[in-house]
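Input: a single structure, listed below in structure tokens.
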Amino acid sequence: MLELRNLTVKKDGKSIVKNVNLHVNRGEVHVLLGVNGSGKTTLAQAIMGIYPYKGNIFFEGKNIDSLSVWERARLGITLAFQEPARFEGLLVKDYLILSAKEKSMENVKLAIKTVGIPYSILFEEIGENLSGGERKRVELAAVLLMNPKLAILDEPDSGVDILSFSLISDVILRMKSHNSSVLLITHSEDMANVGDKATILCEGKVAITGERNKVKNMFKYSPCPLKR
Ligand SMILES: Nc1ncnc2c1ncn2[C@@H]1O[C@H](COP(=O)(O)OP(=O)(O)OP(=O)(O)O)[C@@H](O)[C@H]1O
Ligand SMILES: [Mg+2]
């Protein structure tokens, strides 16, 4: 359902993502592993259309290279940012209703329960008053409510306490059960266990793609296998 062909992204003249080929099937949770600075966020943002790139991206068999961010979003691709934005003045409940495909407070309540947010947060603004971890949970609830065909989750576990890992895993598995595909960027082994397949990105290149346990074990012992 998602295919990257020779994807290359440059920032300020420097190649950050280099000739990446990657397949994510429908209903698959694909884990993207890589040390800090290996290009994971850059890759995610290129798929969403935030950065220009060379190479090709196919979504459900269709070339989407010429599509803007919102056109990609309309096709069913969404990205949960590593550092979620603040929206001063916007209440959590309104943000979630806006995000939801099926707009009802019942759905919103179910989503916040799934990501472990207390009901009272619905009436707060998405600003400084929320902690980084709370904003990440709100963002995850929004992704769940969007019911996207492809969710790209950029370190949904970072800045969130360890007790929440199982909640985040549940959210991912719930998306999978709706036949959504998930590209999950993480550093956490626990989080990676929800994956079907995994890929190691190393200095912008794909080092290995394959069955999740095999790739995860390789990452543990050699996080950047291309490096000499
Ligand atoms: N505007 C820019 N100009 C030049 N280099 C940049 C720019 N933005 C990011 N980089 C570099 O690109 C590399 C990849 O960054 P990226 O954020 O994609 O990595 P990452 O794998 O997501 O890392 P992390 O695990 O820390 O989130 C880094 O070395 C970073 O310094
Ligand atoms: Mg990143």
First in the range 77-89 and farther than 30 Å from Asp65 by Cβ, second anywhere and charged (D, E, K, R) and surrounded by fewer than 19 Cβ atoms within 10 Å (Cβ to Cβ), Cβ under 7 Å, 6 or more apart
Arg86/Glu128; Glu88/Glu125; Gly89/Glu125
Just a yes or no: is a residue in the range 69-80 under 26 Å from Thr209 (Cα atoms) and within 16 Å of ligand 1 (Cβ to nearest atom)?
yes
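Looking at the range 1-43, which of the residues that are basic (Lys, Arg) and free of Cβ contacts under 8 Å to residues at least 60 places away in the same chain is farthest from ligand 2 (Cβ to nearest atom)? I'd like the intermediate steps shown before the answer.
Initial filter on the range 1-43 (basic (Lys, Arg)): 5, 10-11, 14, 18, 26, 40.
This time we only want the ones that are free of Cβ contacts under 8 Å to residues at least 60 places away in the same chain, so: 5, 10-11, 14.
Details: Arg5: 22, Lys10: 17, Lys11: 13, Lys14: 16 Å.
Selected residue: Arg5.
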Quick check on my filter: what residues within the range 191-200 are away from ligand 2 (no atom under 16 Å from the Cβ) and either over 20 Å from Asn213 (Cα atoms) or in contact with a Ser or Thr (Cβ under 6 Å, 6 or more places away or on another chain) (or both)?
Val194
Return only the number of the condition from (1) within 16 Å of ligand 1 (Cβ to nearest atom); (2) buried (at least 24 other Cβ atoms within 10 Å of the Cβ) that Ser180 does not satisfy.
(1)
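Per-residue answers, yes or no, for (1) of a type outside the set (Ser, Thr, Tyr); (2) closer than 20 Å to Met1 by Cα:
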{"residue": "Val29", "(1), (2)": "yes, yes"}
{"residue": "Asn36", "(1), (2)": "yes, no"}
{"residue": "Ala46", "(1), (2)": "yes, yes"}
{"residue": "Tyr51", "(1), (2)": "no, no"}
{"residue": "Lys54", "(1), (2)": "yes, yes"}
{"residue": "Ile57", "(1), (2)": "yes, yes"}
{"residue": "Glu60", "(1), (2)": "yes, yes"}
{"residue": "Leu67", "(1), (2)": "yes, yes"}
{"residue": "Trp70", "(1), (2)": "yes, yes"}
Single residue of Ser166, Ser177 found to be over 30 Å from Ile64 (Cα atoms) and without any contact (Cβ under 8 Å) to a residue 60 or more places away in the chain:
Ser166
Restricting to the range 143-190, name every residue that is away from ligand 2 (no atom under 16 Å from the Cβ) and among the hydroxyl-bearing types (Ser, Thr, Tyr).
Ser164, Ser166, Ser169, Ser177, Ser180, Ser181
In the range 44-63, is there at least one residue being within 16 Å of ligand 2 (Cβ to nearest atom) and in contact with a Phe, Trp or Tyr (Cβ under 7 Å, 6 or more places away or on another chain)?
yes
Run Ala85 past the list (1) within 16 Å of ligand 2 (Cβ to nearest atom); (2) of a type in the set (A, V, I, L, M, F, W, C); (3) surrounded by 14 or more Cβ atoms within 10 Å (Cβ to Cβ) and report the number of the one that doesn't hold.
(3)
Within the range 186-226, how many residues are of a type in the set (S, T, N, Q), within 19 Å of the chain's Cα centre (by Cα) and part of a loop (DSSP other than H, G, I, E, B)?
3
What tally of residues in the range 145-177 results from selecting those that are within 16 Å of ligand 1 (Cβ to nearest atom), of a type in the set (A, V, I, L, M) and not in a loop (DSSP other than H, G, I, E, B)?
2
Going through (1) under 29 Å from Gly34 (Cβ atoms); (2) crowded, with 21+ Cβ neighbours inside 10 Å one by one, Val108 fails only at (1)
The range 7-26: number of residues that are within 18 Å of the chain's Cα centre (by Cα) and either of a type in the set (Phe, Trp, Tyr) or part of a loop (DSSP other than H, G, I, E, B) (or both):
2
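Bear in mind these aren't lab numbers, they're just calculated from the coordinates by the rules spelled out. These numbers were taken from a predicted model, which means no experiment stands behind them. Positions of Cβ are generated from backbone atoms using ideal geometry, with glycine treated the same way; all protein chains shown enter the neighbour counts.
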